[in-house]
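J.: Take this structure, written in structure tokens, and hold onto it; I'll ask about it next.
Readers should treat all values here as calculations from the given coordinates under stated rules, not as data from a laboratory. Remember, it's a predicted structure, so these values are computed and weren't measured experimentally. With ideal geometry, Cβ positions are generated from the backbone for all residues, glycine too; neighbour counts draw on all protein chains shown.
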């Protein structure tokens with residue numbers, strides 16, 4: 001039986017805070033370690049023969065409810081991450097993109113995001129997407145409003161797919177770490193037929209070896225898309 005091809009991968013990175021607390025550390029240390037794992041996973045995906053995109057849920061629209069100091073730290077960490085990882089993107093031929101309501105961030109951070117997008121725009125081995133100030137419902141609502149503004153009287157599924165921020169219409173595999181089994185308002189339209197994989201591993205402990213095992217598991221699955229095997 002031929003392998004199922006994995007093209008579009010999405011990840012909910014969960015467990016940074018718990019990882020730090022289990023070690024008696026500040027939650028920020030978990031976020032710092034989690035950022036290192038993003039790099040490892042990105043390099044793995046760039047080298048994988050079939051993966052075209054990987055989308056990380058980095059900051060949701062609900063994450064603003066976290067303590068102010070933690071949110072401020074996350075904004076600074078994102079800025080540092082993009083500066084630090086530009087070489088990783090270039091050396092691995094990775095195109096960086098951000099989705100979500102970026103306009104809510106500081107001018108400095110918005111500039112950093114745009115600089116990174118522009119610098120990597122022509123890289124072709126992998127598209128690495130960070131979902132920032134992102135919510136699935138908000139994305140779908142924005143897509144519908146965009147179509148209304150364009151004068152659409154009737155809207156098709158294809159219209160909505162084309163109006164979304166993501167460069168793809170469907171996710172093949174969604175992974176969530178930390179043992180939680182929920183979607184958390186992430187890529188709601190795009191995961192309609194995605195295979196789901198939940199692991200107990202906290203994100204800062206996640207390895208490319210485990211990812212490789214998950215990808216192998218996915219490649220052995222039969223995807224029915226509502227039909228029969």
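J.: Quick check: Cα centre of region 41-62 to Cα centre of region 145-177, how many Å?
T.: 19 Å
J.: Over region 26-98, what is the relative contact order in whole percent, taking alpha-carbon pairs under 8 Å and six or more residues apart?
T.: 39 percent
J.: Which value in deg cm²/dmol, rounded to the nearest 500, describes the helix-derived mean residue ellipticity at 222 nm for the chain, given -39,500 (n - 2.57) per DSSP H run of n ≥ 4 and division by the residue count? Spell out each step's value before the answer.
T.: Numbers: 7 runs with 99 residues, N = 229.
About -14000 deg cm²/dmol.
J.: Moving on. Only one of the listed values, (1) 37; (2) 30; (3) 42, was derived from the coordinates as percent of Cα pairs over 28 Å apart; which label is it?
T.: (2)
J.: Right, next: Given 0.36 nm per residue, what is the gain on full extension from residue 3 to residue 162 after removing their alpha carbon distance, in nm?
T.: Contour length minus the Cα-Cα distance gives 54.4 nm.
J.: Subtracting the Cα-Cα distance from 0.36 nm times the residue separation, let me have the gained length for residue 155 to residue 111 in nm, one decimal. Walk me through the numbers on the way to the answer.
T.: On the way: separation 44, 0.36 × 44 = 15.84 nm, distance 3.41 nm.
Gain on stretching residue 155 to residue 111: 12.4 nm.
J.: Is any residue of region 6-29 close enough, with backbone N under 13 Å, to a label point placed 7 angstrom from the Cα of residue 76 along the Cα-Cβ axis, and if so, which?
T.: Answer for region 6-29: 28-29.
J.: Roughly how many nanometres apart are two label points built 7 Å out from the Cα toward the Cβ at residue 121 and residue 104?
T.: Going from the residue 121 label point to the residue 104 one covers 2.7 nm.
J.: Continuing with this model, one more query. Top mean-square fluctuation among 77, 69, 196, Gaussian network model of the chain, C-alpha springs under 10 Å?
T.: 69
J.: Points 7 angstrom from Cα along the Cβ direction at residue 216 and residue 91: gap in nanometres?
T.: For the pair residue 216/residue 91, the computed spacing is 2.7 nm.
J.: Restricting the calculation to Cα positions, tell me the Rg (one decimal) and the Dmax (whole number) of region 82-163 in Å.
T.: 15.3, 46
J.: Which parts of region 19-37 would a label at residue 69 reach, counting a residue when its backbone N lies under 11 Å from a point 7 Å out along Cα-to-Cβ?
T.: Within reach of a label on residue 69: 26-28.
J.: For the chain, modelled as a GNM with alpha-carbon contacts under 10 angstrom, which of 153, 29, 47 fluctuates the most?
T.: With Cα springs under 10 Å in the chain, the top fluctuation among 153, 29, 47 is at 153.
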